[in-house]
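Read the structure below first, then the notes.
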Amino acid sequence: MSSGDGRPDGRSALHQSVTAAATRERFARPLFLATVVTGAFLLFLTQPMIARMALPRLGGAPAVWNSAMLVYQALLLGGYAYAHAVARLAPRKQAGVHLGLFGLAALWLPIGLGAAIPPTDFAPAFWVPWFLVASIGPLFFIISAQAPLMQRWYALETNRGDPYPLYAASNLGSFAGLISYPLIVEPLLTLEQQSRLWTAGFVLLLALVIGCALTIPRQAAKQEPGTRSHPTSRRRVLHWIALAAVPSGLMLSTTTHLTTDIVAMPLLWALPLGLYLLSFTVAFAARRGLADFITLVAPLVILAAGAFAFASGTQRPLFMATAGLGLLFVVAVTLHAEMYRLRPHTDRLTGFYLAMSVGGVLGGAFCAVVAPILFDWAYEHPLLILAAALLIPSQSYIPAIDRLWSDRLWRGRLTYALPGLAVLLSLAGADWLDLPEVVTYGVSGIIAFLALFSLGQRWVFVACLAALMLSYGGWNTLRLTVLDVRTRSYFGVYTIGSTPDGYATMLTHGTTLHGVQSRMPGAELAPTSYYAPGSGVAHVLSAAPELYGADADIGIVGLGTGTLACYAEPGQQWRFFEIDPAVVRIATESGYFTFLPNCAPDADIILGDARLKIAGLRAATLDVLAIDAFSSDSVPMHLLTREAFGVYARALRPRGILLVHISNRYLDLEPVLAAAATRGGWEAALMDYRPDDDAKDYATASVWIALSKSRDALDTMMLASGSNGYWQDLEPRPGFPGWSDDYASILPLIEGWTE
C-alpha cells in the first residue's frame, strides 16, 4: 500500500517497523547469551594466565599473592559497581559509555605484564597492586562488568522475559574457562600464544557487545524514567550479601579442608570452584525443578555431610571428599536459589549483583586472609557450614513435630534442653575418654536424631549440628589447639605429633610428611625421613668435604624441620632458603625439633622466594644446592623451568652439584628434570632410595636427582660416598619439551595420565 505521492502509507511503515523489531528480537537472546558466556570465559582465563606470567618475576611469597588476590577482587567489585552506576544513565548513553571504555581498555592489548622489574627489596603490598593494575587493570575491569550490564540491557525490552537466567549461562562460561585452562590451554599453548588467544577473545567480545548495543530499542529511553520499583531495604541488601558470602567462603574452606585433612593432590582446587560456579547455573535457571529439590533436601545433606567437618578423612579419602564436595554444591545451590527467589525487579538488577559481589569478596577475604591469622586450623570450614544451616530455608518434614514446637510450653523447654543435651552427649566423641567406638557412634546417632527433631527451629538445629560436629572429631581438634602443637600460615596447616610407636616427633603439612626427629637417647640428631643416610642427598652432602674441601658452601631450598643441617661439617657455610616464616619458627623456636640449633646454629636463613633470592647471590657462590620445595598437591613450577636452572647454574661453582627432590605421590617429575638437563648441558643421575622394611631409623623412600656441569664431579661424589651402583641415568620422555617460564603444565606428569 502507498499514498498517492508514492510514499509508503502509515500501515506499511508500521508493518516494516514491526517486522524489523521481530527480526532483531529473534536474535537478541542468542546474542546476549553469547556475550555473557564469552565475557565470563575470558574472565576465568585471565587469573591463572596472569599468575603463570607473574610467578617467575614476583615469586611465590604469600604477601605477593594475597596482594594479587585483593587486586582481582577490587577490580571485580569495581566492575560491578561501574555497571550499577552506568545503568542509571539513559540506555543509549549506557551503550556509548561502555563501548568507549571498551575501546580505551583495548589500548592494553595484547594482554600481558608490563616491562617493570620489581626492585630487590620491593614491598608486595604496594608494588604488586600497582604492577597488576597497570598491566591488566582496564581489561579485567571492563570484562568484570559484562554479566550484570548485559542483563540490564537485555531487560530494557520488556517482552524479552526474565534476564536473570542469563547469569546461569555466564557461569557456564566461567566453568568452561576454569576447566579449559589446566586441561587444554596450559598444556597446549605457550604464554605468548595464550595472550594471543585471549586478545582474539577480547576482540570477539567487543563485537558481541556492539551487537547487543544495537538491540537497545529507541523507545526504551522514554519508558525508563519514572518506572523504577520501590527501593530495596537495607535489611534485604544485607541478606543478599550474607547469602553470597557463605557459599564463596565455603568454596575456599572446602578446598583447604580437603587438602589439609583428606588428600593433597594436583588440580583438586578446581573441583570446589567448579561446583561453586555450576551452582549458579542451577540456582538461576529458568526451570526451577532441580533447584527446588536440592533446597528441599538441603537440611538433611548439611546434617549428614556437615557432621564430618572436623573429621580426618585420610582413612576414607574418597568418601570424605565426595561428602565435602556434595555438601558444598548443595549449600551453594540452596543459598544462591534463595538469592534468586529474593531477586529484585530488573531496574534494580545491577544493585543486586553488586551486593552479590560484595558478599563474594567478603567470604573469600575471610577464608583467604583473615582465617589464617585467627585460626591454627581450618575452623572457618565448620563455622561456614553452621552459617549455612542458619541461612537455608528449613522446615520439619513431619507435621506432628511442627505441632509440638508450636506449643508454647514445649517450645520453651525444648529450645534450651535439646542443645544442652546434644553438647553434653558430644563429649562421648572426645578421645581422652577412650570410649568404645560402638558407644561413640551410638551417641552421635542420638545427636543426629535430636537435630532432625529440631528441623524448622533454626538456632536449635544449628546448635545440635555443632554438637554433632564435635562428636565426630571436633573435641580432638580443639584439644590440639589448646596443646599448641599446630601452626597455620598462608601455605597451610602444620601439625606436630608423634609417630605411631611414640618414640619420635613428626611434622606434617596437611597430609604430607615434612620431617621426623627421634626421641631415642643417642639418636636425636640422626637424619631421618627423606634425608636418611641412604638417600641421594645424604650421599652428596657426605661427599662434600672431599669434593670441595672443609669450607664448602651449601645451599638448601626448603627448611622443613632442619634435618639436613645434621650433615653440616665444621668450617662449612650453610644457608637455608625458606618462604614460610612459620616453618622457620617450628625449626628454630618450637623446641620440638632441635636439628638446626644443635647441628648448624650459625646457618643463615634467608626468607623469601628461593628463585628470586638465589638470583640475588653473587655468581659461583655455592658448591651444593639442594631443592626440596615440593609437596603432593603443590609444585612451584617456576623453580623447575629452564630459566630457573639457569639461575642455579649461575649460583653454583663450575664443579658444583644441584640436587632436586622429586618424591611425589601423584606427579612424575623425572621428565621435567631430564628435559632441563638435556637443554641446559647438565650431567644428571637419579637415586630412588627404598629403605629396608625393618629399618628403625624412621627412613622413608625418596627420589633425588643430582645434576652438575661436570661429569667428574658426579663420578667423584659417587666414589667418595660409596654409592656408585645406586645412581641411574634419567629417562627422558619422548616429545616432552620440559618446562620454561613460557610453557609449563603438570597434566602430562600426573601418574597414570595417558595422552
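The values are calculated or read from the model by the stated rules, or taken from the named source; none is laboratory data. Just so we're clear, the structure is a prediction, and the values are computed from it rather than from any experiment. Positions of Cβ are backbone-derived with ideal geometry, glycine not excepted, and every protein chain shown enters the neighbour counts. Areas reflect the complete protein model, heavy atoms only, side chains present, ligands, DNA and RNA absent. Shrake-Rupley method; radii C 1.70, N 1.55, O 1.52, S 1.80 Å.
Remarks
- Just one of the listed residues (471, 454) is under 30 Å from residue 592 (Cβ atoms) and small (Gly, Ala, Ser), namely 471.
- Only residues that are within 24 Å of residue 641 (Cα to Cα), of a type outside the set (A, V, I, L, M) and in a helix (DSSP H, G or I) were counted in the range 163-215, giving 11.
- Residue check for residue 700: more than 26 Å from residue 268 (Cβ to Cβ) and either of a type in the set (Lys, Arg) or touching a residue at least 40 places away in the same chain (Cβ under 8 Å) (or both): no
- Of the residues making up the range 560-613, those that are hydroxyl-bearing (Ser, Thr, Tyr) and touching a residue at least 60 places away in the same chain (Cβ under 8 Å) number 3.
- Residue satisfying condition, being in contact with a helix residue (DSSP H, G or I) (Cβ under 7 Å, 6 or more places away or on another chain), over 15 Å from residue 709 (Cβ atoms) and surrounded by 20 or more Cβ atoms within 10 Å (Cβ to Cβ), within set 676, 651, 610, 615: 610
- Unique residue being open to solvent by 30 Å² or more (accessible area, probe 1.4 Å), in contact (Cβ under 8 Å) with a residue 12 or more places away in the chain and out of contact with any strand residue (DSSP E or B) (no Cβ under 8 Å at 6 or more places or on another chain) when the list is 101, 89: 101
- Looking only at the range 533-576, and only at residues there that are surrounded by fewer than 23 Cβ atoms within 10 Å (Cβ to Cβ) and within 33 Å of the chain's Cα centre (by Cα), the one that is farthest from residue 691 (Cα to Cα): 575
- In the range 488-504, residue most open to solvent (accessible area, probe 1.4 Å) [restricted to those that are over 21 Å from residue 663 (Cα atoms), out of contact with any helix residue (DSSP H, G or I) (no Cβ under 8 Å at 6 or more places or on another chain) and in contact (Cβ under 8 Å) with a residue 12 or more places away in the chain]: 503
- Any hit, the range 241-251, residues being open to solvent by 30 Å² or more (accessible area, probe 1.4 Å) and modelled with pLDDT under 95: no
- Total residues in the range 513-532, condition small (Gly, Ala, Ser) and over 23 Å from residue 688 (Cα atoms): 3
- Residue satisfying all of: in the range 286-320; among the small types (Gly, Ala, Ser), closer than 25 Å to residue 444 by Cα and in contact with a helix residue (DSSP H, G or I) (Cβ under 6 Å, 6 or more places away or on another chain); surrounded by the fewest Cβ atoms within 10 Å (Cβ to Cβ) among these: 312
- Helices (runs of 4 or more DSSP H) wholly inside the range 400-513 containing at least 2 residues that are modelled with pLDDT of 85 or more and in contact with a Pro (Cβ under 8 Å, 6 or more places away or on another chain): 458-469
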